[in-house]
1. Considering only residues that are within 19 Å of the chain's Cα centre (by Cα) and at pLDDT 95 or above, which ones fall in segment 155-170?
2. Is segment 59-75 home to any residue that is part of a loop (DSSP other than H, G, I, E, B), within 24 Å of residue 148 (Cα to Cα) and out of contact with any helix residue (DSSP H, G or I) (no Cβ under 6 Å at 6 or more places or on another chain)?
3. Scanning segment 32-60 for residues that are modelled with pLDDT under 90 and under 19 Å from residue 102 (Cβ atoms), which turns out surrounded by the fewest Cβ atoms within 10 Å (Cβ to Cβ)?
4. Filter segment 95-119 down to residues that are touching a strand residue (DSSP E or B) at 6+ places or on another chain (Cβ under 7 Å) and touching a residue at least 40 places away in the same chain (Cβ under 8 Å) and give me whichever is farthest from residue 151 (Cα to Cα).
5. Name the pairs whose Cβ atoms lie under 9 Å apart, with the first residue in segment 14-43 and on the phi > 0 side of the Ramachandran plot, the second assigned to a strand (DSSP E or B), and 6 or more positions between them or separate chains?
6. Can you pull out the strands (runs of 3 or more DSSP E) entirely within segment 120-201 that have at least 2 residues that are touching a residue at least 60 places away in the same chain (Cβ under 8 Å) and surrounded by fewer than 13 Cβ atoms within 10 Å (Cβ to Cβ)?
């Protein structure tokens, strides 16, 4: 992840210039190049496929948009672009911008966000945990398939880790999973998923 903006940008400017470019997001007015790699996209694609098949089979009124921006806070120049986001179609009529552009402002529209960890692991494990909890998103998954996160977050020795953050009241309770362990998601109680299933070949 690289901070590249020479000046502070507004959310409105960011949306007009970068809405359709999945490479960028905005944090406190700074343009961030998320520098996705092929393996990173492999992991996020496999996660999306696994959960998409599951909620279709469960006949849930949810979907994964091809592109989507999230405004964590109305008064901040921040626009997040999760690697995977699951939206609840039954409440999107309350979203003020959705009819015109793929922008979500209300936490209740979001069932799940997934971030696949890259070199910006600090943001995924700290800042986004706070932002997504404040929005009231029920679950947040952190997929650290290379074991990049700090020891305080994934333990020692560092290894590939899948963290399920479940919102309890207004904070996330976190549960970590390693290779070969069945992941328990309160949102998807019947989902059969292991970290092994979504790693690049």
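1. The answer is 160, 161, 162, 163, 164, 165, 166, 167, 168.
2. To start, the set of residues in segment 59-75 that are part of a loop (DSSP other than H, G, I, E, B) comprises 59-61, 64-68, 71-75.
The next check asks that each one be within 24 Å of residue 148 (Cα to Cα); those that pass are none.
The answer is no, given that none of the residues of segment 59-75 is part of a loop (DSSP other than H, G, I, E, B), within 24 Å of residue 148 (Cα to Cα) and out of contact with any helix residue (DSSP H, G or I) (no Cβ under 6 Å at 6 or more places or on another chain).
3. Top of the filtered list is 36.
4. Among those residues, the one meeting the criterion is 102.
5. Between residues of segment 14-43 that are on the phi > 0 side of the Ramachandran plot and residues that are assigned to a strand (DSSP E or B), the close pairs are 35/2.
6. By residue number, no strands (runs of 3 or more DSSP E) qualify.
The values are calculated or read from the model by the stated rules, or taken from the named source; none is laboratory data. The structure displayed is predicted, hence computed values, not measured ones. FYI the Cβ positions are ideal-geometry reconstructions off the backbone, even for glycines, and counts take in every protein chain you see.
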